[in-house]
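So the structure is just underneath, and the comments pick up after that.
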Amino acid sequence: AEKGDAEAQAWLGSDLLEAPGKEREGVEWLRKSADAGCPDGQYALGLAYERGLGLPQDKAEALRLFRLAADQGNTDAMLKASRMIFSGEGCEKQEAKGIELLKKSAEEMNPMAIFLMGRRCIAGKTETYDPAQAFGWFRLGALLGMPEAQYWLGQIYYEGKAIPKDYDRAIQWLMESAYQGYRPAAAFL
């Protein structure tokens, strides 16, 4: 970190940020990393601004940093920025832009983004309602071992949304989810 390696600065800054009494030093290392263009440093500094760790809370600055990191392919930053844009934190609410970032993160195989895309497609509250796409996202998440996605995939098989009902597959995916400790799946079974 002292030799100018931006990635090492990001890791050191993140570690110091979590150490009691070392928050300001952590922020300085993160700032060096972010200023050098490191997406991990930009993301971590964005988290510090979002939470007010070691510096005053500033949602707009957090979003700016998340967007910089997202533009460089950081899928966690894409996910964070999408959530902030959906809720209007640090910016005006922009559902279409939020969905665009969420989908990009999911397409880059971010597990939580995959799950959230499935939820968006099955929720029915927006123009993104599409049970067939929800099935695809939940299936991908289920195959990646996500218990939440396994549960929702089981629900889709059980209810027959966009696909024929298949109770055997529903039970299979609900059992997979329940074995991982996901309580809604166990309760449903």
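Among the residues of segment 88-111, just one is more than 18 Å from Leu63 (Cβ to Cβ), of a type in the set (A, V, I, L, M, F, W, C) and open to solvent by 40 Å² or more (accessible area, probe 1.4 Å), namely Met109. For segment 139-146, the criterion of being out of contact with any helix residue (DSSP H, G or I) (no Cβ under 8 Å at 6 or more places or on another chain), of a type in the set (Gly, Ala, Ser) and either buried (at least 23 other Cβ atoms within 10 Å of the Cβ) or more than 19 Å from Ser82 (Cα to Cα) (or both) is satisfied by at least one residue.
Selection of segment 147-166 for residues being open to solvent by less than 20 Å² (accessible area, probe 1.4 Å) and not polar (S, T, N, Q) yields Ala149, Leu153, Gly154, Ile156, Tyr157. Considering each residue of segment 110-120 in turn, none proves to be farther than 24 Å from Gly181 by Cα, touching a residue at least 24 places away in the same chain (Cβ under 8 Å) and not acidic (Asp, Glu). Taken over segment 26-36, the criterion of being in contact (Cβ under 8 Å) with a residue 24 or more places away in the chain and open to solvent by less than 30 Å² (accessible area, probe 1.4 Å) is satisfied by Gly26, Val27, Ser33, Ala34. Kindly check whether there is at least one residue in segment 123-131 that is at negative phi, charged (D, E, K, R) and touching a Cys at 6+ places or on another chain (Cβ under 9 Å). Checked against the condition, which is being at negative phi, charged (D, E, K, R) and touching a Cys at 6+ places or on another chain (Cβ under 9 Å), segment 123-131 yields at least one hit. Among the residues of segment 44-62, at least one is in contact with an Asp or Glu (Cβ under 7 Å, 6 or more places away or on another chain), open to solvent by less than 70 Å² (accessible area, probe 1.4 Å), part of a helix (DSSP H, G or I) and among the aliphatic types (A, V, I, L, M).
The values are calculated or read from the model by the stated rules, or taken from the named source; none is laboratory data. From a predicted model like this one, the values you see are computed outputs, not experimental measurements. With ideal geometry, Cβ positions are generated from the backbone for all residues, glycine too; neighbour counts draw on all protein chains shown. Heavy atoms of the whole protein, side chains included, go into the accessibility calculation; ligands, DNA and RNA do not. Shrake-Rupley method; radii C 1.70, N 1.55, O 1.52, S 1.80 Å.
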